[in-house]
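Single-structure report; data block below.
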Amino acid sequence: MRIRITRSLSAPLLAGSLALAGAAGAQAVPKAKGIESADYEWNAMNVEKIDALGLLGDAKNGKVAFAECSDCHQPNGAGQPDGKFPQLAGQHETVLIKQIADIRAGRRDNPIMHPFSMELLDAQEIADVAAYLQALPIPPGNGKGPDTNLATGERLYRHDCVQCHGKQGEGSEQKFHPVLAGQHYEYLLRQIRDIAAGRRRNAHPEMVKVVRNYTDEKLQAVVDYLSRLQWPARAGKDLGR
């Protein structure tokens, strides 16, 4: 049986969510396909996303709901080193909720993930899965880059990325900035290329501004560096595994 427990958002997160909801207003429900990407807010708030962010996720229930996703993402959330499926363990709940809700609402195009995301029953189940994944320790052995231009990658990361994603790739739960530490090189490279080309419509506009001016060589270099970041701060919880 799933337990439905409501929590109050922390003041900064609630204020940010409501501000985004107000700014997103007319875009809360996606328009027809073919809409210009500029018409989407990067973190537009619909009712489901706001509800999920305000709920206390039950990690044990989330483990059950995640079982259908584990064939691709692995039971420990490690994904695939070839980058076909991302590493999700240890990711911030807010980021997971945003991405799941955006895929369900059509703000992020992911044909493989979309039907699975629609299997989640409601905002509570989204919150449950997010709580389960955040509680998992980040597994070792993620797919690394070719180690060809790490000095350039570090320089770019320190100059353009560290303000949002942190020195160790830890991101920010309050600001919806994802954990990048422990993520697979090939997945990161595919996503940053999509962001640079404007194909990932729910990316932060400031990141789009930065990476769209990178050459592909620079994209590869910064992602190579990213794939080697480690952030072991979140140790995981006993979820009855």
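The values are calculated or read from the model by the stated rules, or taken from the named source; none is laboratory data. Values in this document were obtained by computation on a predicted structure and should not be read as measured data. Positions of Cβ are generated from backbone atoms using ideal geometry, with glycine treated the same way; all protein chains shown enter the neighbour counts. Heavy atoms of the whole protein, side chains included, go into the accessibility calculation; ligands, DNA and RNA do not. Shrake-Rupley method; radii C 1.70, N 1.55, O 1.52, S 1.80 Å.
A few comments on the model shown:
- DSSP-loop trypsin sites (Lys or Arg not before Pro) across segment 124-200, with at most 16 other Cβ within 10 angstrom: Lys144, Lys167, Lys175, Arg199
- Cα gyration tensor shape of segment 100-241, rounded if a/c is under 1.5, else prolate or oblate by comparing a/b with b/c: oblate
- The shape of segment 136-212 can be summarised by an equivalent ellipsoid whose semi-axes, obtained from the alpha carbon gyration tensor, come to 19, 16, 14 Å from longest to shortest.
- Taking 0.36 nm per residue of separation and subtracting the Cα-Cα distance, full extension of the segment from Asp194 to His114 would add 27.1 nm.
- Filter on Lys175/Lys218; Lys60/Lys98; Lys60/Lys218; Lys98/Lys209 - keep pairs with C-alpha separation over 30 Å: Lys60/Lys218
- Span from the segment 105-142 Cα centroid across to the segment 176-236 one, whole angstrom: 19 Å
- Legend: calculated FRET efficiency, Leu56 to Thr152, from the Cβ-Cβ distance at R0 = 35 Å, rounded to 0.05, equals 0.20.
- Solvent-accessible area per residue in segment 105-241 equals 49 Å², computed with a 1.4 angstrom probe and all protein chains kept.
- Computed from backbone phi with θ = phi - 60° and the Karplus coefficients 6.51, -1.76 and 1.60, the 3J(HN,Hα) list for segment 116-133 is 6, 4, 6, 6, 5, 6, 6, 4, 5, 5, 4, 4, 5, 4, 4, 5, 4, 5 Hz; x is used for glycine and proline.
- Candidates Gln163, His114, Ile97 compared by Cα position along the dipole of segment 78-201: farthest toward the positive end lies Gln163, with charges placed on Cβ.
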